[in-house]
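Each value in this text was obtained by applying a stated rule to the coordinates, not by laboratory testing. The structure displayed is predicted, hence computed values, not measured ones. Ideal geometry is used to build each Cβ from the backbone, glycine not excepted, and the neighbour counts take in all protein chains shown.
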Amino acid sequence: MKSENPKGHLAKIILAVIMAVSLGLMINSSVRESATMDELAHIPSGYAYVAERDYRLNPEHPPLVKILSAIPLFIHGFNFPTNIPAWTEYVNGQWDMGTAFIYQSSNDADAIIQLSRIGPMILALLLIVITFVWSKEIMGEKWALLPAAAVALSPNFLAHGHLVTTDIGAAFGVVASTYFFVKSLEKPTIRNITLAGIFFGIAQLLKFSLFLLLPYFVLLSAIYGTAKAIRTGGSQKLKAFLGEVWIQIRNFTAIVVIGYLLMYPVYFITTRNYPIERQVADTKYILASAAGGPDESACAKLSARCPAELTIKMAGSPILRPYAQYMLGFLMVTQRASGGNTGYFMGEVSAGGWRAYFPVIYALKEPLPLLLLAILGIALAKIRFFKKPAATIGKRIVDYLGMNFTEFSCVAFIVIYSVISIRSPLNIGIRHLMPILPLIYILSAVS
């Protein structure tokens, strides 16, 4: 379906218009809306990370979206109340700090809210760009405008793309990191591996649930390496397979190391003025009930409490405490995801979640044209897969992976993420599905 645009830059001009319309719609929504509940916590937290270099607020979310939201606030001088109990005494007094910072410190609340939303809107625009870039490589410029426009004009992305939350960051993190990781598989140059590592690290700084990228990338590496060995190994398939195993382990390790090294300076800077004694005390308090409560011998016994005890010890280390803050947030999110949240769905109230929740809200809240496009894409993909002649189903699969591995990578993440979301008791709305929506749009257009 590849096609070259004879008018040169026309596709890029159209993309710019689409992005301008999307930005205009997000700004129009933003100026009409007060702060959401989550923003009440995220906005003061980001400001504290940048202005105070102190991470005592909102540790259950990574810092990058909040940092981006805080930077525009320095255009205007705002009073940040560090002399109230919410800052000096409370453990994670994020809600009280949000109320005090935005509404009770002689600040212009509207200015704080609108300026802080610039960062998320930039991320939304970057998501449109990376969706277009990836789609262009698969199907050409003209067709690439379709998934880019779907992201830019989707009511779900317009509704959440201007808010200081982690949802738009999660979508960008998944698309960008998967794009660069697949490139590193298909062409494992130092440049591609480095870029894959950088964007993997960025993804971890955007949303803790994107830790899922680790096993997902392992799966992609294993499948890509095996399929390549079968295709190119000839009579030496075992030798080719062992060679691919080494290449994939080496490259994957390099990507992960680069990603986690990238995270360190961000957490180091944002914890620099966070008193180490306070960090240890806050970490102990927050993790007090994790996996049965305090147990200093947990790691020796290999019990479920070990990660919490290790995080507490790391918090007391001047060198390791940036990673301790990352681990604290990750453990908090893990606890919350396993515990669920009380919600209302189809006439029922429950904290245990519903298996039908995400399929139903996807069907109800996605625009009908995009749903029909997705259904059509699935049908065409099946026809395209089965019409190709092959001696065996195994040969057909190997050939498909060799020719369409990018599409397979999208399908794999959609399936993995959907299964985990459906099985999770944490039912928090359509925004939880935003990481897979751009991938669905890409697959719908390429089919």
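Tell me the net charge near residue 278. Cut-off is 14 Å between Cβ atoms, residue 278 excluded, with +1 for each Lys or Arg and -1 for each Asp or Glu. Could you put the intermediate results ahead of the total?
Numbers: positive: 53, 56, 272, 284, 321; negative: 52, 54, 89, 277, 282.
So the environment of residue 278 carries a net charge of 0.
Let me know the Kirkwood hydrodynamic radius for the stretch 275-339, please, with Cα pairs as the basis and the value in Å to one decimal.
Numbers: mean 1/r = 0.0857 Å⁻¹.
About 11.7 Å for the stretch 275-339.
If neighbour count is taken as other Cβ atoms inside 10 Å, put 68, 158 in order from fewest to most. Please list the in-between numbers first.
Numbers: 68 21, 158 18.
Going from sparsest to densest Cβ surroundings: 158, 68.
Would you work out which of 79, 128, 13 lies farthest towards the positive end of the dipole of the stretch 5-144? Charges go on Cβ: Lys and Arg +1, Asp and Glu -1.
13
Run lengths n ≥ 4 of DSSP H only: what is the helix-derived mean residue ellipticity at 222 nm for the chain, with -39500 (n - 2.57) per run over all residues, to the nearest 500?
Details: 20 runs with 301 residues, N = 447.
Counting only the DSSP helices, I get -22000 deg cm²/dmol.
Taking the Cα centre of the stretch 90-172 as origin, sum charge times position over the Cβ atoms of Lys and Arg (+1) and Asp and Glu (-1), and report the length of that vector in debye to the nearest 20.
Working: 3 positive and 6 negative charges, 53 e Å.
That gives the stretch 90-172 a dipole magnitude of about 260 debye.
Output the direction-averaged projected area (hull surface divided by four) of the convex hull of the alpha-carbon atoms of the chain, in nm².
On the way: hull surface 98.5 nm².
Reported value for the Cα convex hull: 24.6 nm².
Structure shown: which of 142/187; 142/365; 183/228; 187/239; 66/207 lie over 22 Å apart, alpha-carbon to alpha-carbon? Walk me through the intermediate numbers first.
Numbers: 142/187 25 Å; 142/365 27 Å; 183/228 15 Å; 187/239 20 Å; 66/207 11 Å.
Table pairs above 22 Å Cα-Cα are 142/187; 142/365.
Span-like helices, the chain: DSSP H, alpha-carbon axial extent 24 Å or more, mean Kyte-Doolittle 0.5 or greater, which ones? Intermediate values should be presented prior to the final figure.
Values: long enough: 10-30 (30 Å, 1.93); 118-139 (31 Å, 1.94); 167-186 (29 Å, 0.97); 213-232 (28 Å, 1.07); 237-270 (50 Å, 1.09); 321-339 (27 Å, -0.03); 368-387 (29 Å, 1.84); 393-423 (33 Å, 1.04).
In the chain, the long hydrophobic H runs are 10-30, 118-139, 167-186, 213-232, 237-270, 368-387, 393-423.
Place a +1 charge on the Cβ of each Lys and Arg in the chain and a -1 charge on the Cβ of each Asp and Glu, then give the dipole magnitude about the Cα centre in debye, rounded to the nearest 20. Please report the intermediate quantities before stating the final value.
Details: 37 positive and 25 negative charges, 412 e Å.
Using only the charged Cβ atoms, the result is roughly 1980 debye.
Using modelled backbone amide H atoms (1.01 Å from N, in-plane), which distant-in-sequence or interchain residues come within less than 5 Å of residue 434's amide H?
Under 5 Å from the amide H of residue 434 lies no amide H from a residue far enough along the sequence or on another chain.
Quick query: amide H of residue 55 versus all other amide H atoms, modeled in the peptide plane; which residues come in under 5 Å with a sequence gap of 5 or more or a different chain?
Here 274 satisfy the definition.
Kindly point out, ordered by number, any Cys in the chain whose beta-carbon has no other cysteine beta-carbon under 4.7 Å away.
So, 410.
Contour minus end-to-end for residue 239 and residue 89, with contour as 0.36 nm per residue of separation and end-to-end as the Cα-Cα distance? Numbers along the way, then the final one.
Details: separation 150, 0.36 × 150 = 54.00 nm, distance 6.20 nm.
Here the segment from residue 239 to residue 89 would lengthen by 47.8 nm.
Of 306, 410, how do they rank once you tally other Cβ atoms within 10 Å and put the fewest first? Provide the component values of the computation, followed by the final result.
Details: 306 16, 410 26.
Ranking 306, 410 by Cβ neighbours within 10 Å, fewest first, gives 306, 410.
With only alpha-carbon pairs counted, each pair once and no self-pairs, how large is the Kirkwood hydrodynamic radius of the stretch 33-116 in angstroms? Please list the in-between numbers first.
Working: mean 1/r = 0.0809 Å⁻¹.
So the Kirkwood estimate lands at 12.4 Å.
Any idea how far the Cα center of the stretch 140-212 sits from the one of the stretch 327-386, in Å?
When both Cα centres are located, 19 Å separates them.
Could you check the spin-label model distance between residue 277 and residue 137? Points 7 Å from the Cα along Cα→Cβ, value in nm.
5.2
Order by neighbour count: 142, 301, fewest other Cβ atoms within 10 Å first, most last. Don't skip to the end; give the middle numbers.
Working: 142 16, 301 10.
Least to most surrounded, the residues fall as 301, 142.
What residues have an amide H closer than 5 Å to that of residue 427, excluding those fewer than 5 places away on the same chain, when H is modeled at 1.01 Å from N in the peptide plane?
Answer set, sorted by chain and number: 341.
Which longest run of the chain has no exposed loop site in it, a site being GluC sites (Glu not before Pro) in a DSSP loop with at most 10 other beta carbons within 10 Å, and the site itself not part of the run?
Working: sites that count: 4, 89, 296.
Longest stretch, sites excluded: 90-295.
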